[in-house]
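What follows is a set of notes on a single structure, which appears directly below.
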Amino acid sequence: MPNLRQQLITTARRMTAVGLNRGTAGNLSVRAGDGREGFLITPTGMAYDALQADDVVFMALDGTSEGCRKPSSEWRFHRDLYAARPEAGAIVHAHSPFATSLACLRRDIPPFHYMIARFGGDSLRCAGYATFGTQALSDTVLQAMTGRRACLLANHGMLVFGDDLEQALDLGVELETLCEQYWRACQLGEPVLLDSAEMATVLAKFGSYGQQA
């Protein structure tokens, strides 16, 4: 897994470069197997610029960890998402400005833009509040992520998963962009929402979105 560890570190640093993260906030993981099913996750409380491969923590799905560092305090919702969603290959959690602002209002994001469908449904839900790092937070995350690849976390931030590290980061950037667009539109008035029929059409089109012959 040495290459995968370095990919995780590189992607974590890119989170800061693209504006999703500041300081030691947020965390990132990637599904991995080293004789048993589990995932690699960033350690708690360490700046991404300082990370070395040995700082990355391997966690099994039973919640045990291996390595010289403690895993991110949010390892529970990473573990539970990997267990519940076999299509999840990598997970990004960030306290990005616009997503967090909307999360502090505890707002779902309605279908003001067709790109909402990129995340698997006709809205983006805001998970109910629970203390960070708890099983209660993980439970509310799983509920909000039903049929979705992303959600907001009340008074906290954003969460998104992709097939791999690159897609997870790209989706995180897309989610923050949508949050900014929604925030700006709300400053001018009430955004006009797309109806359920149009969103169903868009969702069907996204079934083959980005696929090349």
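The values are calculated or read from the model by the stated rules, or taken from the named source; none is laboratory data. Nothing here was measured: the structure is a model prediction, and the numbers come from that model. Cβ sites come from the backbone with ideal geometry, for glycine too, and all protein chains shown count toward neighbours. SASA here: full protein model, heavy atoms, side chains in, ligands and nucleic acids out. Shrake-Rupley method; radii C 1.70, N 1.55, O 1.52, S 1.80 Å.
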For the stretch 24-181: accessible area per residue (Å², 1.4 Å):
39
Relative contact order of the chain, pairs being alpha-carbon contacts under 8 Å that are 6 or more residues apart, as %
20
Among beta bridges that DSSP assigns inside the chain, antiparallel share in %, nearest 5
95
Relative contact order, percent, the stretch 40-115 [alpha-carbon distance under 8 Å, six or more residues apart]:
22
For the stretch 64-213, which whole-number percentage of the solvent-accessible area (1.4 Å probe, protein heavy atoms only) is attributable to carbon and sulfur atoms?
51
Ranking Thr140, Thr16, Thr42 from most to least accessible area with a 1.4 Å probe gives Thr16, Thr140, Thr42
Neighbourhood net charge (15 Å Cβ-Cβ; Lys/Arg +1, Asp/Glu -1) for Pro191
-4
Summed over the other residues with a beta carbon less than 14 angstrom from that of Tyr209, with K and R at +1 and D and E at -1, the charge totals 0
When Lys and Arg each count +1 and Asp and Glu each count -1, what net charge do the other residues less than 11 Å away from Gly147, Cβ to Cβ, add up to?
+3
List, largest first, the extents of the alpha carbons of the stretch 1-79 along their principal axes, each in whole Å.
34, 24, 20
Could you rank the peptides 80-93, 46-59 by their average count of other C-beta atoms within 10 Å per residue, with the highest value first?
80-93, 46-59
Options (i) 16.9, 55; (ii) 19.3, 60; (iii) 18.1, 61 - which one matches Rg and Dmax of the Cα atoms in Å as calculated here:
(i)
Tell me what the chain gives for mean residue ellipticity at 222 nm when only DSSP H runs of n ≥ 4 count, each as -39,500 (n - 2.57), the sum divided by the residue total, rounded to 500 deg cm²/dmol.
-11500 deg cm²/dmol
